[in-house]
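Where a number appears in this text, it was derived from the coordinates with a stated rule and is not lab data. For clarity, every value in this text was computed on a predicted model and none was experimentally measured. Cβ sites come from the backbone with ideal geometry, for glycine too, and all protein chains shown count toward neighbours.
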Amino acid sequence: MNEERMLKILKGPHISEKATVVADGNGQYVFRVVKDATKPEIKEAVEKLFEVSVVSVRTLNQKGKVKRTARGVGKRSDIKKAYVRLADGQEIDFLGAE
């Protein structure tokens, strides 16, 4: 996989209450990824960018919710999320504090 594609696959970490619980309990991290990303591509991108060893990758397509506002009905964007499990003893520090 070329360098440019690898940098575009991961959009960023997905921060939510569930993502925090999963990270603390199972050593998993949740990322938002592009719609056409495959599991091998996600694994390679995480390993290269964060210099960690990935054990498994699970993906899901989350449909956007329909929301009502004063101006009518709107829809949130669909997103694809990847749950990435790291090898024991490894972690990703998103804050960059050392």
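One chain, two ends: ARG5 and ARG85. Fully extended at 0.36 nm per residue, the span grows by 26.6 nm beyond their Cα-Cα distance. Give the angle, between 0 and 90 degrees and rounded to the nearest 10, that separates the Cα long axis of helix 39-50 from the longest principal axis of the Cα atoms of the chain. It works out to around 60 degrees. Karplus-based coupling profile of the stretch 10-24, in residue order and whole Hz: 8, 7, x, x, 9, 9, 7, 5, 5, 4, 5, 4, 5, 5, 5, with θ = phi - 60° in 6.51 cos²θ - 1.76 cosθ + 1.60 and x standing for Gly or Pro. Residues in the stretch 30-38 carry Karplus couplings, in order, of 10, 10, 8, 10, 5, 4, 9, 6, 9 Hz; the curve used is 6.51 cos²θ - 1.76 cosθ + 1.60 with θ = phi - 60°, and Gly or Pro positions show x.
With the contact rule set at Cα under 8 Å and sequence spacing of 6 or more, what percent relative contact order holds for the stretch 3-86? So the answer I get is 33 percent. For LYS11, nonlocal amide neighbours, meaning residues 5 or more places apart or on other chains whose placed amide H falls under 5 Å from its own, are ARG32, VAL33, VAL34. Each residue, GLU17 and LEU60, gets one label point 7 Å from its Cα in the Cβ direction; the gap between the two is 1.5 nm.
Here the 3J(HN,Hα) profile of the stretch 54-67, calculated from phi with Karplus coefficients 6.51, -1.76 and 1.60 at θ = phi - 60°, is 8, 8, 8, 9, 10, 10, 8, 9, 9, 6, x, 6, 8, 10 Hz, Gly and Pro shown as x.
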